[in-house]
Amino acid sequence: QLQIVETGGGLVQSGGSLRLSCAASGRSLEHYSIGWFRQAPGQEREGVSCSSYRDGSTYYSDSVKGRFTISRTNAKMTVELQMDNLKPEDTAVYYCAATVQFQCAEATRKGGGFYDYWGQGTQVTVSS
């Protein structure tokens with residue numbers, strides 16, 4: 001069982017940047033598709049981005065496309081989400097999740113279906 005931890009959240013001014021990292025207790029994430037999700041108070045969980053296992057394909061929601069970038073480290077130990085040009089509407093708790101499914105775009109777009117392991121989240125707050 002993976003123990004997923006997200007780091008990098010915090011308070012940032014509108015237009016600023018943050019980089020979130022996802023790791024799993026010293027275990028490689030090489031054999032998992034990794035998704036990033038967010039949930040704001042009163043809102044449903046939203047799929048933000050994912051990186052598919054094996055083929056390296058990526059997915060971005062329309063709301064973050066062009067501003068966020070998902071990537072894997074050279075050692076395949078972590079998956080990062082670089083968030084640029086942050087907006088107040090990006091404020092949410094951000095979660096990293098892992099799945100053994102080869103593809104992740106559809107599950108991420110639909111809010112996290114078929115993901116097997118979840119972190120506890122990291123708060124991202126963007127001020128106006």
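Annotations for the structure displayed:
- By accessible area, using a 1.4 Å probe on protein heavy atoms only, the chain has 46% of its surface on carbon and sulfur.
- Residues in the range 26-49 that a label on residue 2 would reach, taking backbone N under 19 Å of a point 7 Å out along Cα→Cβ: 26-39, 46-49
- Of the residues 49, 25, 71, the one that moves most in a GNM of the chain with alpha-carbon contacts below 10 Å is 25.
- Correct option for Rg and Dmax of the Cα atoms in Å [calculated from the coordinates] among [x] 14.2, 50; [y] 13.6, 42; [z] 13.3, 40: [z]
- Its Cα centre serving as origin, the chain has a Cβ charge dipole (Lys and Arg +1, Asp and Glu -1) of approximately 140 debye.
- Surface calculation, 1.4 Å probe, protein heavy atoms: residue 110 sits at approximately 140 Å² accessible.
- Estimated 222 nm signal from helices in the chain, with DSSP H stretches of n ≥ 4 weighted -39500 (n - 2.57), rounded to 500: -500 deg cm²/dmol
- Ranked from largest to smallest solvent-accessible area, with a 1.4 Å probe on the protein heavy atoms, 55, 84, 62 come out as 62, 55, 84.
- In percent, rounded to a whole number, the relative contact order of the chain is 37, using alpha-carbon pairs under 8 Å and six or more apart.
- Choice from 43, 103, 82 showing the highest fluctuation, given a GNM over the chain with Cα pairs closer than 10 Å: 43
- Heavy atoms of the protein chains alone define the surface here; on that basis the chain has 52 Å² accessible area per residue at 1.4 Å probe size.
- Lysines whose Cα lies under 18 Å from that of residue 110, excluding same-chain neighbours fewer than 8 positions away: 65
- Note on residue 65 and residue 31: with the Förster distance fixed at 22 Å, the Cβ-Cβ geometry gives a FRET efficiency of about 0.25.
- Per-residue SASA remark: residue 89, around 130 Å² accessible (1.4 Å probe; ligands, DNA and RNA not included).
- Shown is the FRET efficiency for residue 14 and residue 54, computed with R0 = 41 Å from the Cβ-Cβ distance and rounded to the nearest 0.05: 0.65.
- With 0.36 nm allotted per residue and the present C-alpha distance subtracted, the residue 40-residue 118 stretch has 26.4 nm of extension available.
The values are calculated or read from the model by the stated rules, or taken from the named source; none is laboratory data. Keep in mind that this is a model prediction, so the values were computed, not measured. Glycine also receives a Cβ, built like all others from the backbone with ideal geometry; neighbour counts cover every protein chain displayed. Calculation scope for accessible area: heavy atoms of the full protein, side chains included, ligands and nucleic acids excluded. Shrake-Rupley method; radii C 1.70, N 1.55, O 1.52, S 1.80 Å.
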